[in-house]
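Worksheet for the structure shown next.
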Amino acid sequence: MRWHLRCSECGAEYPLEPGRYLCDACSAQQEPERPLRGVLECAWDGVFRGIPNDIPLPVKAEHFPAVPVGWTPFWAPPRLRESTGFPRLWLKDDTCQPSGSFKDRASLLVAAFARMHGITEIALASTGNAASSMSCIGAAAGLKVTVFLPRKAPAAKRVQVLQYGAELREVDGTYDQAFEESLAYSRETGVLSRNTAYNPLTIEGKKTVSFEIVRDLAKAIPDNMMNFVMPDHVFVPVGDGVILAGVYKGFEDLVRLGRCQRMPVIWACQAEGSSAIARALETGGFGDPVPSDTVADSVSVDVPRNGLHALGKLKRHGGKAVVATDAEILAAQRELSSQAGLFAEPSSALAWAGFRKAAPAIAKDQIVVVLVTGNGLKDITGAMKALEL
Ligand SMILES: *Cc1c(COP(=O)(O)O)cnc(C)c1O
């Protein structure tokens, strides 16, 4: 198979090579304080053959650093199945990734791509998890990592960055400012950027979860004879919208490969205080940014960088949005911890809160998968608030 990049807006094609981030024509239309224009998707031609566990990716396995990313636990929480009345409910548990979050899926592919091209340094901006993730994977791969992190990022995530030996540049300001500073750094130095959505491999790396889910389900359903089973509903926590787009990309690939026949319904779960994509799905587009304010720090963005791309996929595939308040997120966090034994950070308890709110509209026999994206120990301030500590 042959890989290239394709613009998610105009369809223009570009070679997949270092230094290519956005579509020239569409990114020239970029307006300030709006989602990125001209986000590129990895695309492939030709035939993909492989055993059922194989995932088509644009970098060969030999370049992947030796760190155990992916094939995370997929499990059935019996008490939650009972209390919700959904006997075919599963959790996809990315709290067990090496750095404790889903972001490792993207960092792994970016690190592999860097190694394939002999690149030795990667820079990025982050609300916290992308930074700790790239630092972790970069350490395993022997890459220098420079992170731009808002000073108010949770302490545990900062400590992870330093512990993994990355260079930390603290930014006095929001994630949105850190994003701009890190891009300026990459432009000046030529260092490979892992900024989410901006680097197309971040989206591609995140699709792996969809390939895992259809295999996980095939194994988890008794007497099932299929190699791949598509879920009916998938709940995804959404900030910049890269996980959402990656999850869609994975299911699109699976349909294209003939492994599955139809797409699931994907629910974009957003925090009330950071809900630009949910608003855009309702109104049709993105307006002026609203300063974000939510306990779920990993999804707290004023301008969702991958907003246009994610919105396009939601519209194309009949996706839905559901919004949860901070109180609902913290209650969901307690419920996941105390009823399933899974302590998730607020940003991923958000997906559980989203399922709880959407559940009345879903038939009880449906296959539901909730993506649990980050470990609760990464950010205990919200959890402490909920416990009144
Ligand atoms: C980054 C992150 C998200 C949101 O992903 P986006 O691609 O920004 O939408 C959700 N949960 C956790 C734990 C994260 O780190």
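Observations
- Each peptide in 341-347, 319-325, 158-164 gets a packing score, the mean of other Cβ atoms within 10 Å over its residues, and the list from highest to lowest is 341-347, 319-325, 158-164.
- Each of the peptides 295-306, 44-55 was scored by the mean count of other Cβ atoms within 10 Å over its residues; in descending order, highest first, they stand as 295-306, 44-55.
- For the range 281-335, a/c is not less than 1.5, where a ≥ b ≥ c are the root eigenvalues of the C-alpha gyration tensor, and a/b does not top b/c. That puts it in the oblate class.
- Using a probe of 1.4 Å on the protein chains alone, the accessible area found for Lys385 is around 140 Å².
- Considering only alpha-carbon pairs that sit under 8 angstrom and 6 or more positions apart, the relative contact order computed for the range 278-349 is 31 percent.
- Residue of Gly165, Gly173, Gly138 that the Gaussian network model of the chain assigns the largest fluctuation, springs spanning Cα pairs under 10 Å: Gly173
- Mean residue ellipticity, 222 nm, helices only, the chain: the sum of -39500 (n - 2.57) across DSSP H runs of n ≥ 4, divided by residue count and rounded to 500, is -11500 deg cm²/dmol.
- Sorting the segments 283-293, 74-84, 259-269 by their mean number of nearby beta carbons within 10 angstrom, highest to lowest, gives 259-269, 74-84, 283-293.
- When the pairs Lys249/Lys357; Lys207/Lys378; Lys144/Lys206; Lys144/Lys378; Lys207/Lys385 are compared against a 32 Å limit on Cα-Cα distance, Lys207/Lys385 fall above it.
- Solvent-accessible area, 1.4 Å probe, carbon plus sulfur percent, for the range 175-237: 51
- Each Cα pair under 8 Å and six or more residues apart adds its sequence gap; the mean of these over the residue count of the range 162-287 is a relative contact order of 19 percent.
- Whole-angstrom gap from the range 3-69 to the range 206-224, using each part's C-alpha centre: 24
- A 1.4 Å probe run over the protein chains yields, for the range 272-339, 41 Å² of accessible area per residue, whole-number rounding.
- Contour minus Cα-Cα distance for Gln339 and Ala61 (0.36 nm per residue): 96.3 nm
- Partner aspartates and glutamates for Lys315 [C-alpha distance under 12 Å; skip if fewer than 8 residues away on the same chain]: Glu282
- The range 238-282, relative contact order in percent, only Cα pairs under 8 angstrom and at least six apart counted: 41
- Prolate/oblate/rounded label for the chain (Cα gyration tensor, a/c 1.5): rounded
- Partner lysines for Lys364 [C-alpha distance under 20 Å; skip if fewer than 8 residues away on the same chain]: Lys92, Lys320
- Selected from Leu109, Leu143, Leu244 as most flexible by GNM, with the chain as the system and alpha-carbon contacts under 10 Å: Leu143
- For the range 1-94, the solvent-accessible area of protein heavy atoms averages 52 Å² per residue (probe radius 1.4 Å; ligands and nucleic acids excluded).
The values are calculated or read from the model by the stated rules, or taken from the named source; none is laboratory data. Predicted model only: the values in this text are computed from it and were never measured. Methodologically, a virtual Cβ is constructed for each residue, glycine included, from the backbone with ideal geometry; neighbour enumeration extends over all protein chains shown. What goes into the accessible areas is simple: the full protein's heavy atoms, side chains included, and nothing from ligands, DNA or RNA. Shrake-Rupley method; radii C 1.70, N 1.55, O 1.52, S 1.80 Å.
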